[in-house]
Amino acid sequence: NNNLKDIPLLSISTLEYLNLHNNKISKINDGAFDALVNLRTLYLYINELEAIPTLPISTLEVLNFGDNKISNINDGAFDALVNLQELYLYSNKLEEIPSLPISTLEILSLNSNKISKINDGAFDALVNLKELYLHDNELKELPALPISTLEYLNFDSNNVRIIHDGVFDALVNLKRLYLYNN
């Protein structure tokens, strides 16, 4: 609950956990995380970020950008995140699901955005995804999700009117499904 507007330059190569939530950070400068070669967890939720630049942090496992003003995710922003397991993008202004070439991802939170459509292939690379949070968006249709590893799917509080036959066929490990308030 500080008033940081910029990410301080940290040259602590041993740092594994960085919590910058609940500040007034509006931009991530190039090179802000270059020295953090062992960073595993980064919390930037409850800030004023509007975009996500390319993040060159290959060691990162948990990344939380929730509760910002993000409407834009730069192409390739997540390409270097080869160890990322949890990505939180809830409560932003996203209108579509970004390209996520992160095969290690297990938890993806996109709830409370303005997403109205899921593009074909949006989840194709997410071969280890177990939890998907898409509630409180503007989705009108639940498309087939080819994610056999998925165990938890929250799709409540959208505007779903259509669920096509076969939508759940690939979800052979699904244990929890939330479709209420549609």
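Think of each Lys and Arg Cβ as +1 and each Asp and Glu Cβ as -1; about the Cα centre, that makes the dipole of the chain roughly 400 debye.
Tell me, what is the percent relative contact order of the chain, built from C-alpha pairs under 8 Å that lie six or more residues apart? Write down the numbers at each step before the final one.
Numbers: 503 pairs, mean separation 22.1, N = 182.
Value for the chain: 12 percent.
Here is the P(r) of the range 141-182: all C-alpha pair distances, binned every 10 Å from 0, give 30, 58, 12 in whole percents. Comparing Thr54, Thr14, Thr41 in a Gaussian network model of the chain where C-alpha atoms under 10 Å apart are linked, the largest mean-square fluctuation is found at Thr14. Shown for the chain: lysine pairs separated by 8 or more places, or found on different chains, whose C-alpha atoms are under 15 Å apart, numbering 12. Short-range pairs are left out: with C-alpha atoms under 8 Å and at least six residues apart, the relative contact order of the range 74-182 is 20 percent.
Remark on the chain: ratio of C-alpha radius of gyration to 2.2 N^0.38 Å is 1.05. Centre-to-centre, using Cα atoms only, the range 103-127 and the range 62-96 are separated by 10 Å. Entry note, the range 4-46: relative contact order of 53 percent, from Cα contacts under 8 Å with a spacing of 6+ residues. Counted over all Cα-Cα pairs of the range 68-173, pairs farther apart than 24 Å make up 16 percent.
Every number in this text was worked out from the coordinates using simple rules, so none of it is lab data. Predicted model, so just to flag it, every value in this text is computed and none were measured. Methodologically, a virtual Cβ is constructed for each residue, glycine included, from the backbone with ideal geometry; neighbour enumeration extends over all protein chains shown.
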